[in-house]
């Protein structure tokens, strides 16, 4: 690794992103404020959790920053995609910002975003692997194809500034990641972008350029999400839309607890549990075997969850 | 195995238990009725799901019976506790009844019960292992120590009819099973009994005697649970008790999706997903980092979740 200072530089950039993102969602909420909890991890490191509950726009919003380090059990580095032998004893360092916001109104979609940096050090203290990951995805309740198009176009525009291959590849990665495989491959939302294990030299880009890309994704929501909130926040809705929202949130819980790698990693590394599970919705429902009439907004929403080329469509 | 007919006999007894239990909860609800869905599993077998939603007493009640069979992937039999070599190719047959009922009132505790039969057949068609399992546990929101004592005493009385060692051993097994290890070993409720891998000869009892014990546990709720419902159903409560109920249901979801072996087995064996996840509550909440005042009913409930000798206490 040619640049031993990248870890500290990324950590500083993520601290700034955490502050900027908190300010952004405070403004977007129009009334609520975030409480902050700083926590230490027994094994090393810690984090800063910021949570807004009972806001004007957001029923719950959580924005977490963490920087943790420690020993990895044998095999764990490989499961994370590391380029080290299975029996190498390694020390990991991971830092990231992650957020999930659950709007009150079912007309406003839920959004998730995460960016992260990971490095591994061998027993001799040499940095043996460094990579970046991240992504953002949108989970609507009410089927507005315009919102899906807007979200994907904004992400494509950011990706295209860095590499023409990034958007198609990371859009597809996202479609294959946020999947409730136990529900017949039902997607939790309409996707976005997702990527992991981006290393120095990826697609011809050096680590500094990749850091720039990841930070751009980290700052995507003012362009990708704010316009959607603004055009949907005043729309009226009924108990029926609210019911679908709570049921979709139940699926969100299923994905996060059964499949999500970030959650699993958090549960395994003894991070602060309230921060790891901050992404869970304030309220969620499980309706038994719901049936949606053809042509209903519920059926349209379910159809929208099928992966689709959102930027290529006219509209 | 000396008794090849045990599988069919247990299956018949469980069918009767399913019907009796459905009738029991229909009566206990005082107004609601169960809908029934029969389902087939592509790999073999199927089940009968019965669900009551929006009842008078129960917000949701699910009683499922299933009988499924198929090939087990290598290692899967060992993880279930089977006495076969890891590379043996085995066919499993599993049948059971399981139920979870979520009362409307937070003054009435949630109850879960499951009884199951499992056998394995080798490539030559020989039955190579047979065992029984089961259990029942109570999850209160409002801290009534009398209810915990009643529930445990009723279970001890049933266990003692079969073997004096069963209650202490299976009570402790239960305390160690329904644990959210990711939440500092917080228990999901006040326990009950839990047991698995009971084979012919267990504690000196033959398979027929063990079947009798397991069916007695299957029929425990009229004695162990009904009196609790009757003395708590009319109690008044406020939004504060309801809020704790929804938060405790969130913990229930966490346990079932992250830790429960029955759920994991269901997700892996392609059983009907709506039946596997029928146990999830109709509505659940995740409150961020709640703090309960010393002496509050919330704090008392949390203290009650610590494993305790409920039958030895006076009161």
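Which of rounded, prolate, oblate describes the stretch A:256-315, given a ≥ b ≥ c as roots of the alpha-carbon gyration tensor eigenvalues and a/c under 1.5 marking rounded, otherwise prolate only if a/b is larger than b/c? Judged from the Cα gyration tensor, the stretch A:256-315 comes out oblate (a/c at least 1.5, b/c at or above a/b). Put the label 7 Å from Cα along Cα→Cβ for residue A:165; what are its distances to the other copies, in nanometres, shortest first? Label-point separations across copies, in nm and ascending: 6.4. Compare B:194, B:151, B:265 in a GNM of chain B, Cα atoms joined below 10 Å, and give the one with the largest fluctuation. Highest fluctuation among the options: B:265. Estimated purely from DSSP H runs of n ≥ 4, each contributing -39500 (n - 2.57), the mean residue ellipticity at 222 nm for chain B is -11000 deg cm²/dmol once divided by its residues. If R0 is taken as 35 Å, the Cβ-Cβ distance between residue B:89 and residue A:87 corresponds to a FRET efficiency of 0.70. Scoring A:78-88, B:171-181 by mean Cβ neighbours within 10 Å over their residues and listing the highest first yields B:171-181, A:78-88. Among the residues of A:277-287, the average count of other protein chain beta-carbon atoms within 10 Å of the residue beta-carbon is 6. What shape does the stretch B:90-163 have by the C-alpha gyration tensor, where a ≥ b ≥ c are the square roots of the eigenvalues, rounded means a/c under 1.5, and otherwise prolate means a/b greater than b/c and oblate the rest? Because a/c hits 1.5 or more and a/b fails to exceed b/c, the stretch B:90-163 counts as oblate. For the peptide B:177-186, the mean number of other protein chain Cβ atoms found within 10 angstrom of a residue's Cβ is 2. Take the Cα of residue A:209, go 7 Å toward its beta carbon, and the backbone nitrogen atoms of the stretch A:151-195 under 20 Å from that spot belong to A:156-171, A:194-195. Averaged over peptide B:35-47, the number of partner chain Cβ atoms lying within 10 Å of each residue's Cβ comes to 0. Across the copies of the chain, residue B:146 has label points (7 Å from Cα along Cα→Cβ) spaced 6.0 nm apart, shortest distance listed first. Treating r as the C-beta distance of residue B:238 and residue B:37 and R0 as 51 Å, the FRET efficiency rounds to 0.90.
Across the stretch B:1-44, the residues whose backbone nitrogen lies under 18 Å from the label position 7 Å along the beta-carbon direction of residue B:124 are B:1-4.
Residue-level result for chain B: its Cβ closest to the axis carrying B onto A, with that distance in Å, is B:257, 2. Based on the Cβ-Cβ distance of residue B:8 and residue B:268, what FRET efficiency does E = 1/(1 + (r/R0)^6) give at R0 = 30 Å, to the nearest 0.05? According to the calculation, E is roughly 0.70.
Taking a ≥ b ≥ c as the square roots of the eigenvalues of the Cα gyration tensor, the stretch B:82-122 is classed as prolate, since a/c reaches at least 1.5 and a/b is larger than b/c. Starting from the label point of residue A:71 at 7 Å along Cα→Cβ, the same points in the other copies fall at 4.1 nm, in ascending order.
Read the figures in this text as sums done on the coordinates, not as results from a lab. Just so it is clear, the structure is predicted and the values come from calculations on it, not from any experiment. Don't worry about glycine lacking a Cβ; one is built from the backbone with ideal geometry, like all the others, and counts go over all protein chains shown.
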